Every structure is written in C-alpha cells, then in structure tokens.
2 protein chains.
Amino acid sequence: MNKKRYTSRLDLKNGTVDMTHGSGGRAMAQLIDELFVGALDNELLRQGNDQAIFEVPPGRMVMSVDGHVISPLFFPGGDIGSLSVHGTVNDVAMSGARPLYLSAGFILEEGFPLADLKRIVESMAGAANAAGVPVVTGDTKVVEKGKGDGVFITTTGIGVVPEGINISGDLARPGDRILLSGSIGDHGVAIMSKRENLSFETAVESDSQALHDLVADMVAAVPAIHCLRDPTRGGLATTLNEIARQSGVGMQLQEEAIPMKPEVHAACELLGLDPLYVANEGKLIAICPAREAERLLAVMRAHPKGAEAAIIGEVIEDEHNFIQMETSFGGSRVVDWLAGEQLPRIC
Amino acid sequence: MNKKRYTSRLDLKNGTVDMTHGSGGRAMAQLIDELFVGALDNELLRQGNDQAIFEVPPGRMVMSVDGHVISPLFFPGGDIGSLSVHGTVNDVAMSGARPLYLSAGFILEEGFPLADLKRIVESMAGAANAAGVPVVTGDTKVVEKGKGDGVFITTTGIGVVPEGINISGDLARPGDRILLSGSIGDHGVAIMSKRENLSFETAVESDSQALHDLVADMVAAVPAIHCLRDPTRGGLATTLNEIARQSGVGMQLQEEAIPMKPEVHAACELLGLDPLYVANEGKLIAICPAREAERLLAVMRAHPKGAEAAIIGEVIEDEHNFIQMETSFGGSRVVDWLAGEQLPRIC
C-alpha cells in the first residue's frame, strides 16, 4: 500500500472514529492501511482486494460465524479482539476440523478512540498468529454515536475436516460418555466481576483460548468421537440440552465430577449465578463411545488446555431429552435449558 | 427441530426482540427455529450445529466479508436482508469465482419488531435462493436498546475460482479498457430519496442485485479479464481510484460514456450529490486488454444485468495514479478519491 497518499498519519493516540472512516473513501482506506493491515499483516490481506484467494487442501470443508458484542470490551484474560478469534476458531474446530482462515467484519461507533481500536486489532492479530489462523479479509462500517456500542466484531472461519471424522450434535448415543476439558464458569465470572467492579482474593480470568490444537490431538487419537461443542452462551447446561435435543437422548451427570475453581464457585454464590449456565470461552464438551472414554481422557489431560479434563456423565435413553444431575449432596435435579437471560452480552 | 419444546409460538405479529433472544438459552433456540431456520431453510442449516460441513470442488477458493448497517432498513428496490446477500455474493464474484455458501451474523437491538425481522430474513432467503447461494450457518446476538440500530447483518461468502482465471485489483495495465455494466447512482439515490422523503416523477429504485451470473458469462468468454470490482461505497470514482492505486496506473474516462438514468441525474442535482461518488449495489467495473474489450462488451450486453454496459475509458500510465475525465462539455477534470463522507450508512 502506498502510504504517501495520505497528507498526515492517523492520530492513533488521541483520534477517534468518525463517519468518514466508513465512507469507502480516502479516510477508510487510511484506517485500513495504517491500523488494520499493519497489525493483521499477512500476504492475503495485503493484496488489498475485496476478497482473499487461497488454495485449500482437498476434503470436506466447514464454515462457522460468530458475532461478538461483549461488554466491557476489555476484561481480565482478554478483550473483544482475541475473543473474536477464539470464538470462531473454536466453532470451526468443534466439527473436528483444522481451522484455516478467518474473515472479520467490524462495526464501529462514531467517537470510539482509535487507540482502543488499535489495541483490539493488535490483540486480534496476536490471537490469530498464536492460533495460526490468519484474518485474510475484512470489512469496516461506521455507525453514528448512539447507534452502536464501541466495536462489534463478526468473524467467520473456514476449515478442513480430516478424512474419517464425523462429528455432529445429533450423534450422541445412549451409553456414550460425556467429557469436559476443564473448569466451568471462568469467562462469565471474569466478565461479571469486571462489570460489577468486584475484586476477589484470587482474580478470576476469562478462559478465552483457541482449542483447535487440543481438538487435533483428540480426533487423531480417537476418531470415533461423536460430538464436540464449546459451552459458551448458556453454559454447560444449555449446551448439553442442545445436544440432547439434537440427538434425541437424555443425559445423567455427576455434579462433583464437574471441574470448577473455588474462586469461581465463590463468585457465583456472591453474584447469584448458577455456574452451570455461565459462559465459557476456552472449554469443550466431548461425547464418545464408553470404550474410548478413558483413552480420550488421557489424551485430553496430556494437553495443557485439557489438563483438568474429566468424565462428567453419560448419555442415557430419555424421550424427554432431560439432563439429570446427581448433586454433591446425593440428591438429583433436572438441569433445564437456560430460560431467561442470565448474562447479557457475554460474548 | 422439535418445536414441542416451546410452550407457545413466537408472536411474529406484535412481538419484539428482547435480551433473552441473545442469551443462548431456550428463547434464542426458539427464535432460530421458528424465524431463521424456517425462512432460510436448507439442509446444512437444519443440522443445527455451530458450523456447516460441506464438500467443495477442487480449486482455489475465495472468501469475502461485508457488514451491512444500511439505514433505512427497507428501501425502494430492497432491504438489508437482500442487500446482505447481494453485497457479499458480489464481492466473492468479483474475483471471477462462483459463490458457494454464505454465513450470516445478526446483531439485533432490543425492542426491534419480530415482524420486521421476519420480513428481513425472508427477503434474505429469497435473495439467497434466487442466487443459488444458501446461508448455511448463522449467529444471533442481541444488544440493549440504544446500543444498536434495529438490525446489523454481517455476511461472509466463499466460492471457487475457475481454473485459469486470475483477477485482481493490481492487474490493470496501460492500454486496458474500462467497462461498466450499467447505470450509476441508483442505489445511493434510492436510499437518499427515502431518507429525505423525496418523491420524483419516476421513482428511483436501488439496483441491488447479485452479479455472479453475469460474471460467470464474462469470465467464460474472456478469461483474460484483469480486474473486476463493484463500485459500492464511494461509488465509481473511489473504486477506480482504488484500482489505479493498486495497479500503479492512471485512467482516462469519458463522462458521456458513463450510463446514468435521467431521474438519477435529476435527483443528484437536487440533493447536491456527485453521481460518480454515489454507491451502487448491482453494477460492476471490468478492466481487460483492449483487444478483448468489444467481445467482453458484447457478452455483457447479452446478459440482462449488463444490457446497458459501456466502455467508459482506458487505463493509462501515470505515476500519480490520477483518474482523469473528459467532461461532456469538452473540458477535463481529475476525479479524486471521495474525501469526506458523502452518504453515511449506505450499505
């Protein structure tokens, strides 16, 4: 890109987004050149076309989209930039696929500080680089002050499904074991603590992370995995209900098998939240035939992102598709869908 | 999907979007089942996973994203739903590719009428069906009233580039001819007329349409096309400046060769707009070697979406990358980049 075209450089320290940055004209070109392309630097993006062209390996492909409207934009353990990479990389990976590329659509609110935007785009670039999944094409729109909320980022990811892998939410079968890759509730509690300005003795950080490397190990070792899904909005409870409905099965969980950090447990008590419904951004649920469960568990535990993995229950026959849970006190409860709104704008 | 799960059906007549529709819980599942999946109906979306899996033909792939924040949401000749399909189908097609699939991320504002959302999603489905490019995966987020503006839709499209086609904004060469597929300014004028509540003797409608079928004919007949781009935000002038900068060339246009409807010309005079900078959503610019220009023009004119195509100028050597235009009055002017903000939220 020819930067000599601009009479002066963007004021990335004190400048703000204005309507000209969405006009399609020179100001938008400058914003893209100096802020986006610089940070997200890769050859495909540098081509400067309205689309990216690339070779893909043969095989089945997967495509997934996730909009990000999280508030606040910056939170302990991440920000909307890194989250928008992790969220979509994970959605692609939950098919068993290897994620390849991302697109990113930004909707900016007039008046948003360019310094914050720069921080977000750099965080996005860091997450994309760390995951090895570049943002290859993008779009920027600007809306008037009061018609947006700082920044919204919608990312779409594509990937390639390895030969012989067939993972879907409708493949859970009675007898299958349910595995969880780590502790629940970290992301939602980190966001709520920040919103409520709470501080705990031990800070809770979001678990926002890309899980495709963990998934790659899992599908390589146990190609017979039936379902994979990341329990984001609505938490573990809602995600399991979704799978139960899709597969036409029920589930039986053991509460004490579900990993949870003591500080998350404490924060949930204080905030009046049920951790089963609190969002996660770096955990996954795997459902596999019983005979494969111990091997899958071992593979997960051997990976840093699955070190605390556990078998938390099993799939059962149930025409009502209920999720039942044996509680730590020896009782039993039905874990229903999230009914109302627990945590708005959590991702 | 098992609709018996919901105690009552969505009130698509008088209901509105509320925060629970973005929660990840039962209300969101119902909105997706009853409003989105119903309208956008296709097998991949019905799978109900967080991603769609499909086979793709071998070859180079293309990926493009476009956010849509147009205001008003409904306008003469279209709405944000159809526009969000056309915009991204066209961005994919401008590489010469055949578009295959779309993803769609919705950001809804609390309080938005479900009846309007239904109308938008049905329009989107109609446009996707007509184009033969289904929406195979989606996402819905909800923001509080006053933190959005009704509906924003970000779509990403993927497609396959035919063997032997190599189209990019940096391939324009001195001597190449510049072709335009039809009249300019229709979309922008339609939007501005609606915003300003103007009515003209002859109503101006948006030209919003998918151009991939026109492109398919063009690349089949003239594989040597160098550049294709749709002159959306910033209009013809800005798009030509982008290409000139990317290719390191200048351009010489003939004003009288540029097709424009008399009613668009009149409206631009009244609104104080320069039609060269007004957005289009159903037109394309093609740049090809001089020896192929007449043949390409004939192919374009043989297609209903290119019936008014014209050769509007040629690529010249110019280290300043200026676009010059011989005016209808015999003078000459430099057609610069759009400098400020002509028409905010035009797409």
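Okay, here's what the table says:
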{"read-out": "Simple Cβ-charge dipole of the protein assembly as shown, Lys/Arg +1 and Asp/Glu -1, about Cα centre, in debye nearest 20", "value": "280 debye"}
{"read-out": "Tensor-based shape of the range A:274-347 (alpha-carbon gyration tensor, a/c under 1.5 rounded, otherwise prolate or oblate)", "value": "oblate"}
{"read-out": "Paired Rg and Dmax values of the range B:176-334, which use every Cα atom, in angstrom", "value": "15.4, 46"}
{"read-out": "Stokes-Einstein diffusion coefficient of chain A, Kirkwood radius over Cα pairs, 4 °C, 1.567 mPa s, in µm²/s", "value": "61 µm²/s"}
{"read-out": "Helix runs (DSSP H) in chain B reaching 20 Å along axis by Cα, Kyte-Doolittle at least 0.0", "value": "B:114-131"}
{"read-out": "At R0 = 25 Å, FRET efficiency that the Cβ-Cβ distance of residue B:329 and residue B:195 yields, to 0.05", "value": "0.20"}
{"read-out": "Part-to-part distance (alpha-carbon centres) for the range B:75-114 and the range A:149-219, which is given in Å", "value": "28 Å"}
{"read-out": "Among A:143, A:249, A:56: highest mean-square fluctuation, GNM of chain A, C-alpha pairs under 10 Å", "value": "A:56"}
{"read-out": "Rounded to the nearest 20 debye, dipole of chain A from Cβ charges on Lys, Arg, Asp, Glu", "value": "1060 debye"}
{"read-out": "Three-way shape call for the range B:3-83 based on the alpha-carbon gyration tensor, with the a/c threshold at 1.5", "value": "oblate"}
{"read-out": "Unit Cα scatterers, Debye sum, the range A:16-161: log10 I(q)/I(0) for q = 0.11, 0.12 Å⁻¹", "value": "-0.39, -0.46"}
{"read-out": "Gaussian network model of chain B, springs between alpha carbon atoms under 10 Å - residue of B:48, B:330, B:313 with greatest fluctuation", "value": "B:330"}
{"read-out": "GNM top mover of B:305, B:283, B:147 - chain B, alpha-carbon springs below 10 Å", "value": "B:147"}
{"read-out": "Pairs beyond 18 Å (Cα-Cα), from A:141/B:147; A:261/B:141; A:283/A:305; A:305/B:141; A:194/A:305", "value": "A:261/B:141; A:305/B:141; A:194/A:305"}
{"read-out": "Helix-only CD estimate at 222 nm, as mean residue ellipticity for the protein assembly as shown, using -39500 (n - 2.57) per DSSP H run (n ≥ 4)", "value": "-8500 deg cm²/dmol"}
{"read-out": "Sequence-separation-based contact order of chain A, relative, with Cα cut under 8 Å and 6+ spacing, percent", "value": "22 percent"}
{"read-out": "Cα-based shape type of the range A:65-141, given that a ≥ b ≥ c are square roots of the gyration tensor eigenvalues and the cut on a/c is 1.5", "value": "prolate"}
{"read-out": "7 Å along Cα→Cβ, label-point gaps from residue B:220 to other copies, nm, shortest first", "value": "4.5"}
{"read-out": "Whole-number percent relative contact order across the range B:1-158, with pairs defined as alpha carbons under 8 Å at least 6 apart", "value": "35 percent"}
{"read-out": "If the convex hull is drawn through the Cα atoms of the protein assembly as shown, its volume per residue in Å³", "value": "141 Å³"}
{"read-out": "Leading residue at positive end of dipole, the protein assembly as shown (Cβ point charges), from A:27, A:56, B:151", "value": "A:56"}
{"read-out": "Amide H contacts of residue B:178 (H built 1.01 Å from N, under 5 Å, at least 5 apart or other chain)", "value": "B:312, B:313, B:314, B:315"}
{"read-out": "Linear extension gain, residue B:307 paired with residue B:320, 0.36 nm per residue minus alpha-carbon span", "value": "1.3 nm"}
{"read-out": "Calculated from backbone phi, Karplus (6.51, -1.76, 1.60) coupling profile of the range B:308-315 in Hz, x at Gly/Pro", "value": "9, 4, 8, 8, 10, x, 9, 7"}
{"read-out": "Cα-derived Rg to Rh of the range B:119-235, Kirkwood definition", "value": "1.02"}
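Every read-out reported here was derived from the displayed coordinates using simple, explicitly stated rules and does not represent laboratory data. Please read these numbers as outputs of a predicted model, since none were measured by experiment. Counting neighbours? That spans all protein chains shown, and the Cβs are built from the backbone with ideal geometry, glycine included.
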